[in-house]
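Right, one structure below, let's go through it.
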Amino acid sequence: MLILCSKRYHKKRLQPLFLIDSYFQKEGVRVNTAPIFDIFQSFMYKSFEVLLPVAAVSTVVVVIIAVIMAMMQIQEQTLTFFPKMASVIIVLVALGPWMFGELTSIITHMFDKIPDMLR
């Protein structure tokens, strides 16, 4: 299964830089890589889901402070640091248990899938 490709074209095809099952292809064994991609995909979606509230609150706070600073014509760039950090800490305290629960559920789900992947 092709993971990364180079931008060099060789005979109108992309050159593979990294193959998951290149060793097994040489030996003639077919490897099912679908479960690996499913796990990576679920980790990526869950990480975006957990990260999004913190990033959204931080972005909103920075934009509000930037608008206030523009209205007052203040040019100090370090004034956004403390409110942004305070908002991130408040969101982490408020949503921390939910984030921890989501991450532990995806990890336990992955460990539950291991016996099925070994068959």
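The values are calculated or read from the model by the stated rules, or taken from the named source; none is laboratory data. Bear in mind that the values here come from a model prediction, so they are computed numbers and not experimental data. So basically every Cβ, Gly included, is an ideal-geometry build from the backbone, and we count neighbours across all protein chains shown.
Each row is one residue, and each column tells you yes or no for (1) more than 30 Å from G101 (Cα to Cα); (2) at pLDDT below 90; (3) in contact with a strand residue (DSSP E or B) (Cβ under 8 Å, 6 or more places away or on another chain).
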position: K26; (1), (2), (3): yes, yes, no
position: V31; (1), (2), (3): yes, yes, no
position: A34; (1), (2), (3): no, yes, no
position: F37; (1), (2), (3): no, yes, no
position: M44; (1), (2), (3): no, no, no
position: V60; (1), (2), (3): no, no, no
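Please go through the stretch 71-91 and pick out each residue that is surrounded by fewer than 12 Cβ atoms within 10 Å (Cβ to Cβ), in a helix (DSSP H, G or I) and of a type in the set (S, T, N, Q). If the condition is that a residue be surrounded by fewer than 12 Cβ atoms within 10 Å (Cβ to Cβ), in a helix (DSSP H, G or I) and of a type in the set (S, T, N, Q), then Q77, T78 are the ones that fit.
Taken over the stretch 30-49, the residue count meeting the criterion of being under 21 Å from V91 (Cα atoms) and surrounded by 12 or more Cβ atoms within 10 Å (Cβ to Cβ) is 3. Of all residues in the stretch 75-97, none that is not assigned by TED's automatic domain parsing to the domain that holds L51 has its Cβ atom under 9 Å from the Cβ atom of a residue that is part of a helix (DSSP H, G or I), 6 or more apart or on another chain. Test E49 against the criterion of being touching a residue at least 40 places away in the same chain (Cβ under 8 Å), among the acidic types (D, E) and touching a helix residue (DSSP H, G or I) at 6+ places or on another chain (Cβ under 8 Å), and give yes or no. Yes, satisfied.
Here L52 does not fit the description of being loosely packed, with under 10 Cβ neighbours inside 10 Å and not polar (S, T, N, Q).
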